[in-house]
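What follows is one structure encoded as structure tokens, with my remarks underneath.
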Ligand SMILES: NC(=O)c1ccc[n+]([C@@H]2O[C@H](COP(=O)([O-])OP(=O)(O)OC[C@H]3O[C@@H](n4cnc5c(N)ncnc54)[C@H](OP(=O)(O)O)[C@@H]3O)[C@@H](O)[C@H]2O)c1
């Protein structure tokens, strides 16, 4: 049994990490009330008091458009915050897991990105997360930089107040019809599966960058279509183009990751995006809910 400190434990990913890791390990669930990662002294005091074997850092400022107008805060949390955690993890000899994003790539490749591909972030959010990745790698030997994509969980993202599933349900409830873009490709990924795969990952010492998304890829429209068909939504759903909506921030039009390192380690336990989504929707909305 290891001592695990989860930063952002009441967030979308943090909630599932806490649940999954509690079954096997001793978990300290830290919310923003317990620790603000941009405050080095607090990070040092709180984590030193816990002496964790593993730190799971999910904290982020990730409202992508807001990061453009509040660049200082994006860097304070996503980059300097990651640096603070990495420095303290190194001092404590702890394994440090930093969750990052598919948005570190520009998507121009047009085929799934492996961990060794060169990043080329297109927004302030993505640049600040990439800086967080580099700080994590630079300051802490025992690190995992885990890149995830299109995540949804039973607790919607706290900072955004929603995830794609809850946004679609709200629109289907409130609007006469819903239009969703069909020319931006991603891999929707349930946070519960990320938590379960992280549990396997920390048993290895193959430190470095790890892609951890569901298998396969789809457009946002196809993502929505499965929500519609699984939950039998009646509101008409239509295809749209990215160009139909006024651009706020540049996002990759093809944002798909290949779990190359997990597969090489023989511990890739992610299901296809469709299986994962249908399972999540049935459990949360059709079988008594959570
Ligand atoms: N959402 C996506 O589709 C997506 C895609 C790719 C990568 N990611 C990455 O995945 C990770 C988890 O995302 P998520 O959706 O689970 O986020 P979330 O639901 O917003 O959870 C983040 C958690 O971190 C806490 N937090 C925020 N700022 C903090 C700070 N300065 N110090 C300490 N704690 C802080 C939040 O607390 P409060 O909410 O109370 O402030 C919350 O508990 C993030 O690193 C994100 O960049 C997300």
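Remarks
- Residue check, residue 211 within 28 Å of residue 138 (Cα to Cα), in contact with a helix residue (DSSP H, G or I) (Cβ under 7 Å, 6 or more places away or on another chain), touching a residue at least 40 places away in the same chain (Cβ under 8 Å) and exposed (fewer than 15 other Cβ atoms within 10 Å of the Cβ): no
- A single member of 248, 235, 198, 204 is closer than 18 Å to residue 145 by Cα and either free of Cβ contacts under 8 Å to residues at least 12 places away in the same chain or in a loop (DSSP other than H, G, I, E, B) (or both), and it is 204.
Every residue, every condition in (1) out of contact with any helix residue (DSSP H, G or I) (no Cβ under 9 Å at 6 or more places or on another chain); (2) not in a loop (DSSP other than H, G, I, E, B), yes or no:
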residue: 32; (1), (2): yes, no
residue: 37; (1), (2): no, no
residue: 45; (1), (2): yes, yes
residue: 49; (1), (2): yes, yes
residue: 62; (1), (2): no, no
residue: 67; (1), (2): no, yes
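- Of all residues making up the stretch 9-34, the number that are touching a strand residue (DSSP E or B) at 6+ places or on another chain (Cβ under 6 Å) and within 14 Å of the ligand (Cβ to nearest atom): 7
- Residue selected from the stretch 70-79 under the condition in a helix (DSSP H, G or I) and more than 10 Å from the ligand (Cβ to nearest atom), by the criterion farthest from residue 50 (Cα to Cα): 71
Residues checked against (1) more than 17 Å from the chain's Cα centre (by Cα); (2) touching a residue at least 40 places away in the same chain (Cβ under 8 Å); (3) more than 15 Å from the ligand (Cβ to nearest atom):
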site: 106; (1), (2), (3): yes, yes, yes
site: 120; (1), (2), (3): yes, no, yes
site: 128; (1), (2), (3): no, yes, no
site: 154; (1), (2), (3): no, yes, no
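No value in this document is a laboratory result; all are computed from the given coordinates. What you see is a predicted model; the values in this text were computed from it and never measured. Cβ coordinates were reconstructed from backbone atoms using ideal geometry, including for glycine residues, and neighbour counts include every protein chain displayed.
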